[in-house]
Amino acid sequence: MNANNSSPTIDVPTARALLAANPDVLIVDVRTPGEFETAHVPASINLPLEQVDAHLGRIVNDAGGQILLMCQSGNRATQACTKLANAGLDGATVITGGMNAWITAGGPVEHGRERWNLERQVRLVAGGIVLLSVVASIWVPAARFVAGAVGAGLTFAALSDTCAMGALLSRLPYNRGAGCDVDRSLTRLRNERREA
């Protein structure tokens, strides 16, 4: 394990070995319910990043053992880990590379209905807005400023490691999937910790 952006990290082979050696370790997937429904690690629980703040106290109180945080590539899991650490939970670690790295390494995956992941959706929407703005600027020259604003937003997202567009897209019904029962996930977190 190492520190990355002040959050402890673990690579996929080490995470898989840890899970095999210690069944009390739990993977908490902070992607949207739609992404989780598409593909997730067996026995992991879904607690979307947007729900972490609202349930921070319960998570910290209910988590007794080591938690491995996962998202699509590692960015959202790092944000969740920072929030949990700031609230006093020391047993959270980010799986480096997230679900992308897990699948590439051949980790076990349960598949459901196929959906685009949030990062791909952001690229589509941002690219579409830029393309339409450039084409529209042929007739309305001021439309080029929309493309510039999207470029500025993407630059800020990279520098701050946040994504306002991703946060907005995560709220769409498409990304909700069958929905995440946060209370059920938190109950499972508490129960698995008590059994440990």
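Key figures for this structure:
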read-out	value
Any hit, the range 33-46, residues being open to solvent by less than 50 Å² (accessible area, probe 1.4 Å), among the β-branched types (V, I, T), within 18 Å of the chain's Cα centre (by Cα) and over 26 Å from A157 (Cα atoms)	yes
Of all residues in the range 146-166 being surrounded by 17 or more Cβ atoms within 10 Å (Cβ to Cβ) and β-branched (V, I, T), the one that is farthest from R123 (Cα to Cα)	V146
Set R58, R123, R115: member being part of a loop (DSSP other than H, G, I, E, B) and of a type outside the set (F, W, Y)	R115
Out of A149, A126, A158, A164, sole residue that is free of Cβ contacts under 8 Å to residues at least 40 places away in the same chain and over 22 Å from T32 (Cα atoms)	A149
Within the range 4-27, considering residues that are closer than 19 Å to A85 by Cα and hydroxyl-bearing (S, T, Y), the one farthest from the chain's Cα centre (by Cα)	S6
Qualifying positions in the range 34-75 - among the aliphatic types (A, V, I, L, M), in contact with a strand residue (DSSP E or B) (Cβ under 8 Å, 6 or more places away or on another chain) and closer than 26 Å to G112 by Cα	A39, V41, A43, I45, L47, I67, L68, L69, M70
Only one of C81, C71 that is open to solvent by less than 10 Å² (accessible area, probe 1.4 Å), more than 10 Å from the chain's Cα centre (by Cα), of a type outside the set (K, R) and under 23 Å from R171 (Cα atoms)	C81
The range 47-62, residues that are open to solvent by less than 10 Å² (accessible area, probe 1.4 Å) and farther than 22 Å from L168 by Cα	I59
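The values are calculated or read from the model by the stated rules, or taken from the named source; none is laboratory data. Source: prediction; values computed, not measured. Note: ideal-geometry Cβ built from the backbone for every residue, glycine included; neighbour counts use all protein chains shown. Side chains are part of the model used for accessible areas, which takes the heavy atoms of the whole protein and leaves out ligands, DNA and RNA. Shrake-Rupley method; radii C 1.70, N 1.55, O 1.52, S 1.80 Å.
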